[in-house]
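Some notes on the structure that comes next.
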Amino acid sequence: MTEEPLKLPIIDLSSPDRLSTAASIRKACREHGFFYVVNHGVEEELLESVFGESKKLFALPLEKKLKLGRREHRGYTPLFAENLDPDSASKTGDPKESYYIGPLEDHSAPLKLNQWPPQEILPSWRPTVETFYRKVMCAGKRLLRLIALALNLEENFFEKAGGLDKPTAYLRLLHYPGELGSSDEDICAASAHSDYGMITLLATDGVRGLQICREKFKQPRVWEDVLHLDGALIVNIGDLMERWTNCLFRSTLHRVIPVGQERYSAAFFLDPKQDCLVECLESCCSESSPPRHNLTTEAHDGGPSKTAYRSPDRSSTAAFIRQACTEHGFFYLVNRGVEKQLFEQVFGESKKLFALPLVEKMKLAQKENRGYTPLFGEVLDPDSGSEGPN
């Protein structure tokens, strides 16, 4: 079910009254999890150019777009290739296509992970998208400083804690074909979901379709329309920020419904560095608002102990695992129930074993895939350039 269009707060990033602006952001994040930002530094002409280049890209023949098919979370994703809500009524993926651009200064180099359309086909595409990426990044960092003030933190808190000198930021260009519109409310152009990271900054082309559900755990869900506002970016809080703030700020469920009209948008996801430990902020906890996640204290080498959470929210945790597995295949696991002291003992005993004379170790030589394997006893990659075992 839906209601009247929602009147979201408007945040002016150019306001000299930073404390008042921070207070408005705090109210918006608590009540809606969504708000508009104006005077963000992204010119209207640049927004028009981005949507123009986006239209040119998605108008290419499918075989040309598939040559830029998504890998390492960068590149083209075709229609029906993903479903953001596995519990939705749709038996297929969402009727949208998209294109991902990852960090421009990729610190995982030397690999060049971003894919760019050939210059002879779209000569202005890359410079336009790169300019847009950098300008929205600047707006996002300005906004995070105000969010830090809204949480009674130092302005540079998220820059330090989240490693925003090397952030994980992705730009996603989206296209919703109008001819795939449906009157069925259960069929979405983008299924109901919340965003994973800290904040998302969204530019839209003016076509309606975006809806939010502020009470995501209540049934039936009440959906409210978020209208386009000329000159504004739409900002929403992500799951990591919700957890960072002990659920003080809400990561709001949202979706895009088909309206029978072609729609373009550009979403910028600003996340912390990948090895960032999301800590429950003391400024968001009190006797009347205790931590909603079970807290533990862990000692870290070279510094004081840090507080982390053991999440009881299995659905949200499962969503994080899914994203890690689809994007990287690797992730860190904390609060796993194996004590640090036991790790140290295991490595200590391992050192003692491998320090034994070779003749003693060979008495325990591997059989039935159990036991000791000496140096140069195996080759894991038969196609490697090595002439002997590893």
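The values are calculated or read from the model by the stated rules, or taken from the named source; none is laboratory data. Fair warning: this is a prediction, and the values are worked out from it, not measured in the lab. Ideal geometry is used to build each Cβ from the backbone, glycine not excepted, and the neighbour counts take in all protein chains shown. The protein model used for the area step is the full one, side chains on, heavy atoms only, and it has no ligands, DNA or RNA in it. Shrake-Rupley method; radii C 1.70, N 1.55, O 1.52, S 1.80 Å.
Values computed for the structure shown
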item	result
Cα→Cβ-extended label distance, 7 Å offset, between residue 15 and residue 318, nm	4.1
Estimated FRET transfer efficiency (residue 121, residue 30; beta-carbon r; R0 41 Å; 0.05)	0.30
Per residue, in Å², the accessible surface of the range 10-271 once ligands and nucleic acids are set aside, probe 1.4 Å	43
Fraction of antiparallel bridges per DSSP, the range 10-271 only, in percent to nearest 5	90
Sulfur and carbon atoms: percent of accessible area, the range 202-268 [1.4 Å]	48
Highest average packing first - 275-284, 251-260, 348-357, Cβ atoms within 10 Å	251-260, 275-284, 348-357
Residue 92 versus residue 289: modelled label distance in nm, points set 7 Å from Cα along the beta carbon direction	4.5
Förster-model FRET efficiency, 51 Å R0, residue 55 and residue 378, C-beta, rounded to 0.05	0.40
Links that overshoot a 18 Å alpha carbon limit, given the list 56/96; 55/141; 55/96; 56/141	55/141; 56/141
Residues of type lysines that residue 340 reaches as a straight line, Cα spacing below 16 Å, ignoring anything fewer than 8 places off in the same chain	306
Cα shape, the range 10-271, gyration tensor, a/c 1.5 rule	oblate
Summed residue charge, Cβ within 10 Å of residue 96's Cβ, Lys/Arg positive, Asp/Glu negative	-2
Solvent-accessible surface (1.4 angstrom probe) belonging to residue 262, in square angstrom, nearest 10	90
